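The values are calculated or read from the model by the stated rules, or taken from the named source; none is laboratory data. Note that the structure is predicted; figures quoted are calculated from it, not measured. Cβ placement follows ideal geometry from the backbone for every residue including glycine, while neighbour counts extend to all protein chains displayed.
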Amino acid sequence: MFKLHSVKLPHFSGSAEQDTRKIPEPELVAVSMAQHIGAPCEPIVEVGEHVRIGQKIGDSSAFMSAPVHAGISGTVKEIKDVMNINGRLCRTVIIENDNKSEKYEGIAPPVINSREDFIKAVRESGAIGLGGAGFPTHVKLAYDREKVHIDTLLLNGAECEPYITSDYRELIENSEGVINGIKLVMKYLEIPRAVIGIEADKPEAISKLTKLLANTPEITVKKLRSSYPQGAEKVLIHSLTGRIVEEGKLPSDVGCMVMNVSTAGFISSYIKTGMPLVKRRITVDGNIVNAPANFFIPVGTLLHSVVGFANLRKQPDRIVMGGPMMGGCAFDPDTPLGKTNNAVLLFADSPVQEPSPCIRCGRCVRACAVNLLPTELESAYDARDTKALEKLKVNLCMNCGACSFVCPAKRPLAEKNQLAKDLLRQQSAKK
């Protein structure tokens, strides 16, 4: 019998009941050509060229890729390599704002008469998973219906990490857009039913969506237990359907497709307006933020441009892009924010904890949502024992960080799992 493990985290959702704020456009944006999982785009504009909001500035012929667009109007000042948060250099288009906010003249709602038209439109929109993973949405939609049967569309509204409330605000502020996006996907992909999963700590969102869907039996809202990592894809599938995605398998193998609620809301907006993904909502919060809030920002906004609106009590010693469990620390105030960034968290007086020897308490085992043995995986990685890592199924690790969170010895268990997966990838590449 499969048992779902989880941990309880504090919520710290200070921005949850604040309407999303619009802030002045930045004087400059740096739009990375690597905004998603898959092949990066190549710039299709030149230095000195004038661009407008919504204009495509990068694309790729690769299937596993999505185009990128300008979020402000202005002049392409530079095209250079910029290091992103994972330490990789990415081709980046620097646009200097002309403060005219001119929209690209080619912006128009797409004409859709078929499934193929819909998938093509979603690709042209630049849509990716807005929950953080960044999987190109059109790739998810373009499955082979002769080989794959999807009977359930699952909408991820769990948002289980502390502080982050961007998806919650999408559910509150754009409820009808989210529902319309769901209906569009169901219509063109002929998926018979959909389930929206929302954690129990978001009663207003649950109530609002339930009322709006009272006469739409094919779309239901399910209240999820408030636990972590409830929003992880495999965990969400099990919580909403009882189905188990085994190692090496995809959600489609169990008849499911998972989509973030903000992605659904964006698809609805794009089909109505033709404006591609040029902005997104991010949460700004942390233990030194006086007024936690969500902001709409153009894609490519530099980190310091957002921090300037954070109303801080003191200088941060740590800035996290994303959630405190799975996010990464920024090392440069000029780091550009991309499509996958759903939060900027600012902290001071951050504790520095040195790991001590494992006390064999088993808390990490009880915390792991996919029933791994983190201490055994750590030992196998330290020994570079790839056979043991495969046997212990390290590739099932979701990098949720629950094992490190509960470890009283403060051992870097989650980090070791990611290094172990990379070790296996390197070995596979050599073979």
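Worth pointing out:
- All conditions but one from (1) under 21 Å from Gly338 (Cα atoms); (2) in contact with a helix residue (DSSP H, G or I) (Cβ under 6 Å, 6 or more places away or on another chain); (3) of a type in the set (Phe, Trp, Tyr) apply to Phe118; the one that does not is (1).
- Pairs are defined by a Cβ separation below 8 Å, a sequence spacing of at least 6 or placement on different chains, a first member in the stretch 252-269 that is touching a residue at least 12 places away in the same chain (Cβ under 8 Å) and buried (at least 21 other Cβ atoms within 10 Å of the Cβ), and a second member that is among the basic types (Lys, Arg) and assigned to a helix (DSSP H, G or I); the pairs so defined are Met257/Lys140; Met259/Lys140.
- Residue pairs whose Cβ atoms lie under 8 Å apart, separated by 6 or more positions or on different chains, with the first residue in the stretch 101-121 and over 15 Å from Leu141 (Cα atoms) and modelled with pLDDT of 95 or more and the second surrounded by 12 or more Cβ atoms within 10 Å (Cβ to Cβ) and of a type in the set (Asp, Glu), are Ser101/Glu25; Pro110/Asp117; Pro110/Glu124; Val111/Asp117.
- Residue in the stretch 193-201 that is exposed (fewer than 15 other Cβ atoms within 10 Å of the Cβ), under 28 Å from Leu9 (Cβ atoms) and in contact with a strand residue (DSSP E or B) (Cβ under 8 Å, 6 or more places away or on another chain) present: yes
- The residues on offer are Ser175, Ser166, Ser227, Ser207, and the sole one that is modelled with pLDDT of 95 or more, of a type in the set (S, T, N, Q), surrounded by 19 or more Cβ atoms within 10 Å (Cβ to Cβ) and assigned by TED's automatic domain parsing to the domain that holds Leu130 is Ser166.
- Checked against (1) closer than 30 Å to Lys187 by Cβ; (2) of a type outside the set (S, T, N, Q); (3) surrounded by 13 or more Cβ atoms within 10 Å (Cβ to Cβ), Gly106 passes all but a single condition, namely (3).
- From the options Pro351, Pro333, residue that is closer than 30 Å to Ala310 by Cβ and touching a His at 6+ places or on another chain (Cβ under 8 Å): Pro333
- From Glu25, Glu17, Glu42, Glu49, residue being free of Cβ contacts under 8 Å to residues at least 24 places away in the same chain and either over 22 Å from the mean Cα position of the chain (by Cα) or closer than 30 Å to Ala293 by Cα (or both): Glu17
- The number of residues in the stretch 210-221 that are over 15 Å from Met259 (Cα atoms) and either outside any loop (DSSP other than H, G, I, E, B) or at pLDDT below 95 (or both) comes to 3.
- Looking across the stretch 342-362, just one residue is within 19 Å of Pro412 (Cβ to Cβ), among the aliphatic types (A, V, I, L, M) and out of contact with any Pro (no Cβ under 9 Å at 6 or more places or on another chain), and that is Val352.
- Screening Thr340 against (1) under 23 Å from Met83 (Cβ atoms); (2) among the β-branched types (Val, Ile, Thr); (3) more than 27 Å from the chain's Cα centre (by Cα) leaves a single unmet condition, (3).
- Residues of the stretch 9-59 classified as part of a loop (DSSP other than H, G, I, E, B) and at negative phi, total: 31
- Ile244 vs. criteria part of a helix (DSSP H, G or I) and in contact with a helix residue (DSSP H, G or I) (Cβ under 7 Å, 6 or more places away or on another chain): no
- Condition check for Lys393: outside the structural domain of Pro162 (by TED's automatic domain parsing) and in contact with an Asp or Glu (Cβ under 6 Å, 6 or more places away or on another chain): yes
- In the stretch 190-209, residue farthest from Val406 (Cα to Cα) [restricted to those that are outside any helix (DSSP H, G or I) and of a type in the set (Asp, Glu)]: Glu190
- The one condition in (1) of a type in the set (Val, Ile, Thr); (2) assigned to a helix (DSSP H, G or I); (3) closer than 26 Å to Lys234 by Cβ that Ile172 fails to fulfil: (3)
- Answer residue from the stretch 10-44, given it is out of contact with any Pro (no Cβ under 8 Å at 6 or more places or on another chain) and buried (at least 19 other Cβ atoms within 10 Å of the Cβ) and is nearest to Arg225 (Cα to Cα) among those: Ala16
- For the stretch 297-328, the set of residues classified as farther than 19 Å from Ser32 by Cβ and of a type in the set (S, T, N, Q) consists of Asn311, Gln315, listed by residue number.
- Residues of the stretch 79-94 that are more than 14 Å from Gly338 (Cα to Cα) and surrounded by 14 or more Cβ atoms within 10 Å (Cβ to Cβ): Ile79 alone.
- Restricted to helices (runs of 4 or more DSSP H) entirely inside the stretch 328-419, those with at least 2 residues that are surrounded by fewer than 13 Cβ atoms within 10 Å (Cβ to Cβ) are 386-391.
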